[in-house]
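Here's the structure we're looking at; comments come further down.
The values are calculated or read from the model by the stated rules, or taken from the named source; none is laboratory data. This one's a predicted model, so the numbers in the text were calculated from it and none came from an experiment. Note: ideal-geometry Cβ built from the backbone for every residue, glycine included; neighbour counts use all protein chains shown.
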Amino acid sequence: MEYFEMNNGVRMPMAGIGVFTFTPAEAEASVESALRDGVRLVDTANAYMNERGTARGISKSGVKREEVFLVTKLWPSVYENENAVDETLARLNTEYIDLLFLHQPTRNWKAGYRQIEKAVKEGKVRAIGLSNFSPDMLKEAFAFAEIQPQMVQVEAHPYYPQTELKALLNEHGMGLMAWYPLGHGDKNLIQEELFAELGKKYGKSSAQIILRWHIQAGNVIIPGSRNPQHIRENFDIFNFDLTEEEMEKIAALDKNTPYYQGSEEMLERYLSIAPDFNSQE
Ligand code: NAD
């Protein structure tokens with residue numbers, strides 16, 4: 001495993017599992033098995049409605065809480081609820097969250113940010129993250145923050161390497177966690193000839209080449225999979241290095257086009273989605 005050191009000195013593993021779209025039972029089973037296999041980073045969210053399942057998976061794995069880097073995200077409907085962090089901690093059955101994100105930059109994000117800062121001061125959160133913030137919104141956050149953020153979580157893969165955003169993050173010593181690191185399973189990306197060629201050279205699959213590219217580009221990754229063989233494969237990427245020339249060839253695949261197009265309308269819609277997170281199994 002390689003580690004990313006954040007601008008506040010906290011270290012996080014560079015690869016872990018994400019449980020987006022998993023039922024509570026699936027989250028429980030996959031977190032348990034991933035931790036047993038040596039994975040130490042888990043990414044969930046209020047909105048995934050599987051924080052309790054994730055917590056059960058951690059507990060059943062037998063791995064000590066302090067050995068797991070636990071990431072979750074507040075949903076916009078709770079940014080103004082001052083119990084949001086405590087309720088999240090209760091669902092996760094833990095006293096602290098390693099990295100807590102604001103999931104979406106809805107117009108009430110500042111209330112959520114102050115809540116996370118308060119939780120940092122109280123020792124309930126170790127690092128602050130902003131998910132789906134554009135470079136302009138990030139600049140607003142840097143100016144607003146009393147405690148500067150550590151990470152962003154955004155879509156990133158070889159077709160959309162986030163070049164502009166990364167320049168800004170580097171200036172602030174911030175890290176990038178890539179969602180859709182494998183392009184959400186897009187066959188066009190995974191079947192690029194270049195990855196097959198490099199895979200042959202290193203004895204790795206195309207997915208492993210893409211994930212290795214992320215690591216060498218400095219991105220933390222959370223590839224999604226329910227397939228145990230894929231999960232194992234996705235972490236077996238720390239025993240080879242792509243050359244600089246190969247990294248450049250992959251950089252040339254940049255289409256500067258995300259799969260997911262956000263919009264003001266979507267953000268307004270997100271704000272109106274307000275499930276009862278405590279009702280989850
Ligand atoms: P991904 O890019 O990880 O792609 C997953 C797809 O790739 C699945 O179809 C899977 O079957 C396939 N796959 C996985 N490993 C493979 C392998 N070794 N070989 C071939 N195919 C393989 O996209 P994702 O799962 O949608 O996203 C990953 C994580 O990102 C989520 O679990 C979640 O934690 C996070 N996420 C965050 C946000 C956000 O708004 N912050 C949004 C979306 C996703």
Filtering segment 191-219 for residues that are more than 11 Å from the ligand (Cβ to nearest atom) and more than 16 Å from Lys249 (Cβ to Cβ) leaves a count of 4
When every residue in segment 231-246 that is in a helix (DSSP H, G or I) and either away from the ligand (no atom under 11 Å from the Cβ) or modelled with pLDDT of 90 or more (or both) is compared, the one surrounded by the fewest Cβ atoms within 10 Å (Cβ to Cβ) is Glu245
Inside segment 167-185, the number of residues satisfying the requirement of being more than 22 Å from Leu242 (Cβ to Cβ) and not in a helix (DSSP H, G or I) is 3
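Conditions tested, residue by residue: (1) at pLDDT below 95; (2) under 22 Å from Arg269 (Cα atoms).
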position: Ala29; (1), (2): yes, no
position: Thr72; (1), (2): no, yes
position: Thr94; (1), (2): no, no
position: Thr106; (1), (2): no, yes
Asn188: more than 14 Å from the ligand (Cβ to nearest atom), in a helix (DSSP H, G or I) and among the polar types (S, T, N, Q), yes or no?
no
From the option list Ile215, Ile190, Ile210, Ile147, single residue qualifying as in contact (Cβ under 8 Å) with a residue 60 or more places away in the chain and of a type in the set (A, V, I, L, M, F, W, C) is Ile215
Subset of segment 99-109, residues in contact (Cβ under 8 Å) with a residue 40 or more places away in the chain, within 11 Å of the ligand (Cβ to nearest atom) and touching a helix residue (DSSP H, G or I) at 6+ places or on another chain (Cβ under 8 Å), comes to His103, Gln104, Pro105
Residue pairs qualifying under the 9 Å Cβ cut-off, at least six apart or on distinct chains, with the first in segment 110-135 being surrounded by 15 or more Cβ atoms within 10 Å (Cβ to Cβ) and the second being assigned to a strand (DSSP E or B) and basic (Lys, Arg), are Gly129/Lys73; Ser131/Lys73
Condition set touching a Lys or Arg at 6+ places or on another chain (Cβ under 8 Å) and of a type in the set (D, E, K, R), scope segment 4-50, selection farthest from the ligand (Cβ to nearest atom): answer is Glu5
Within segment 191-217, residues within 13 Å of Glu233 (Cα to Cα) and assigned to a loop (DSSP other than H, G, I, E, B) come out as Gly203, Lys204, Ser205
(Q) Given the condition surrounded by fewer than 20 Cβ atoms within 10 Å (Cβ to Cβ) and closer than 19 Å to Leu165 by Cβ, answer yes or no: does some residue in segment 185-203 qualify? (A) no
